Amino acid sequence: MVRPRQFTDRELLDAARDVFLEHGPGVSTTLIAEAAGVSQATLFKRFGTKKALMVRALLPNQEGPHFQVLLAPPDHRPIPEQLEEKGLHILAFFNHMQPCIAMLRADGAEMLQKLHADGQTPPPVRGLRAMQHFFDQLIADGRMKPVPTEALALTWLGALRNRSFFRHLLPSLELEGDDATYVRAFTQMLWHGLAPAEVPQ
């Protein structure tokens, strides 16, 4: 006897996310279940309520590759190369998240409460601290000028988020270049003021 496939929570949440973004928060759980390949009973057993399912589906996936690149410490490569890599991943992450956050806000979901509900550090704070520690380590290793690293991390993340924000808020606005060009230009400008003169960039 062939046993039915067991879907992970992540697979179900990813399927639900696509349905919510396509049809809005009023979509039926029947359609979500069909897209996920499970029964409605399975959805309610796993996630409790439709609201809980929507919030979990639309909140950031901290185990995804983009977020994991953000959390990575410095390595041996040139710093601009590492910042470009992180920047491209985080810009892709923001592009992925902007419509999700907009829908959660529009639906009135208590997003901030959900972010704190499990007692863990919320994803935005975790990302901020990861970048702050990244810069702290570079300073400690003598690979970057000493600067206030929280302000630097906020500036770096904000510049990436703003491009994504304008793209989704004003899709008719023609931003210069593609994401890779933007990240490279921003990294070069930032690193110009951060690189210690005695250390090769």
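Determine whether the stretch 83-101 contains at least one residue that is β-branched (V, I, T) and outside the structural domain of G158 (by TED's automatic domain parsing).
First, the residues of the stretch 83-101 that are β-branched (V, I, T): 90, 101.
Checking the rest, the ones that are also outside the structural domain of G158 (by TED's automatic domain parsing) come to none.
No, the stretch 83-101 contains no residue that is β-branched (V, I, T) and outside the structural domain of G158 (by TED's automatic domain parsing).
Going by what's in this entry, would P73 be described as surrounded by 13 or more Cβ atoms within 10 Å (Cβ to Cβ) and either at pLDDT 80 or above or of a type outside the set (D, E, K, R) (or both)? Quick ask: steps written out before the conclusion?
On the way: surrounded by 13 or more Cβ atoms within 10 Å (Cβ to Cβ): no; either at pLDDT 80 or above or of a type outside the set (D, E, K, R) (or both): yes.
Criteria not met by P73.
Taking the stretch 33-49, which residues are touching a Phe, Trp or Tyr at 6+ places or on another chain (Cβ under 8 Å) and either small (G, A, S) or under 17 Å from L104 (Cα atoms) (or both)?
Scanning the stretch 33-49 gives A36, G37.
Sort through L170, L152, L160, L138 and tell me the only one that's out of contact with any strand residue (DSSP E or B) (no Cβ under 6 Å at 6 or more places or on another chain), modelled with pLDDT under 95 and within 18 Å of Q82 (Cβ to Cβ).
Details: L170 fails: within 18 Å of Q82 (Cβ to Cβ); L152 fails: modelled with pLDDT under 95; L138 fails: modelled with pLDDT under 95.
Just a single option satisfies the conditions, and that option is L160.
Mind counting the residues in the stretch 40-60 that are surrounded by 14 or more Cβ atoms within 10 Å (Cβ to Cβ) and over 18 Å from the mean Cα position of the chain (by Cα)? So that I can check it myself, show each step before the final result.
In the first step, residues of the stretch 40-60 are kept if they are surrounded by 14 or more Cβ atoms within 10 Å (Cβ to Cβ); the result is 40, 42-44, 46-47, 50-60.
Narrowing further to those that are over 18 Å from the mean Cα position of the chain (by Cα): 40, 42-44, 46-47, 50-53.
Of the residues in the stretch 40-60, 10 are surrounded by 14 or more Cβ atoms within 10 Å (Cβ to Cβ) and over 18 Å from the mean Cα position of the chain (by Cα).
Consider Q82 carefully, then state whether it is surrounded by 18 or more Cβ atoms within 10 Å (Cβ to Cβ) and either of a type in the set (A, V, I, L, M) or modelled with pLDDT of 85 or more (or both).
Against the criterion (surrounded by 18 or more Cβ atoms within 10 Å (Cβ to Cβ) and either of a type in the set (A, V, I, L, M) or modelled with pLDDT of 85 or more (or both)), Q82 qualifies.
Checking the condition within 22 Å of V183 (Cβ to Cβ) and under 24 Å from the mean Cα position of the chain (by Cα), which residue from F93, F20 passes? Spell out the reasoning first.
Values: F20 fails: within 22 Å of V183 (Cβ to Cβ).
Every option except F93 fails the conditions.
How about the stretch 148-186: which of its residues are within 21 Å of R129 (Cβ to Cβ), over 20 Å from the mean Cα position of the chain (by Cα) and surrounded by 12 or more Cβ atoms within 10 Å (Cβ to Cβ)?
Within the stretch 148-186, just T149 meets the criteria.
Among (1) at pLDDT 90 or above; (2) on the phi > 0 side of the Ramachandran plot, where does V27 come up short?
Failed condition: (2).
The values are calculated or read from the model by the stated rules, or taken from the named source; none is laboratory data. No experiment lies behind these values; they were computed from the predicted model shown. All Cβ positions, even for glycine, are placed from backbone atoms using ideal geometry, and neighbour counts span all protein chains on display.
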